[in-house]
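Everything below concerns the one structure shown next.
Laboratory data are not the source of any read-out in this text; all were calculated from the coordinates shown. Just so it is clear, the structure is predicted and the values come from calculations on it, not from any experiment. No Cβ is skipped: glycine too gets one built from the backbone with ideal geometry, and neighbour counts run over all protein chains shown.
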Amino acid sequence: MVYRPWFSAPRAFGLVAVVLALALDQAHKFWMLHVFDIGLRQPIRLTPFLDLVLSWNFGVSYSLLSSQTGATRALLVAFQLSIVGCLGYWLWRAPRRLTAAALGLVVGGALGNVVDRLTRGAVADFFFFHTALPVGPLANYVFNVADAAIFLGVVLLLLESFRTSATRPTPAAG
């Protein structure tokens with residue numbers, strides 16, 4: 001067995017991704033809420049399809065399970081942390097750096113939203129993506145840096161799965 005320092009192992013890339021996603025998300029939220037004060041300036045048009053806004057999400061994606069009660073918030077936090085635990089276990093055992101980094105982005109993003117829910121009572125979203133066409137659920141979508149990290153992590157996991165399946169030998173016909 002070849003010795004590798006801990007920082008070259010795939011899990012190190014995953015842990016760095018967790019820290020980066022969580023730190024960027026929380027720094028962006030702090031800046032938008034307390035320095036830029038988006039609540040007083042919104043909406044700010046960035047492009048014809050993207051605005052800066054302040055939107056509080058008391059539920060999960062698309063405000064599903066939206067509630068402002070402490071019991072619902074505790075249930076959502078417990079659910080999110082259980083998923084983070086499962087993904088963290090997968091990250092720790094990930095065989096490749098890209099897999100670990102992708103899982104780290106998902107875990108870091110999820111933790112960023114958990115921190116919001118625990119400290120602010122809801123998740124702060126700032127980017128409002130909208131189109132004039134009724135193109136499904138993304139026609140009007142509000143998200144934050146944590147959500148973007150989760151999305152990027154999932155896309156990387158999908159790409160990694162295609163790459164992995166392409167390198168597997170096909171079984172011989174018999």
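Annotations
- The slack between Arg96 and Gln80, meaning 0.36 nm per residue of separation minus the straight C-alpha distance, is 3.3 nm.
- Extension reserve of the Phe36-Val16 stretch, reckoned as 0.36 nm per residue once the Cα distance is removed: 4.4 nm
- Note on Leu50 and Arg120: the model spin-label points, each 7 Å out from Cα along the C-beta direction, lie 1.9 nm apart.
- Residue exposure sequence - Leu103, Leu33 - by fewest surrounding Cβ within 10 Å: Leu33, Leu103
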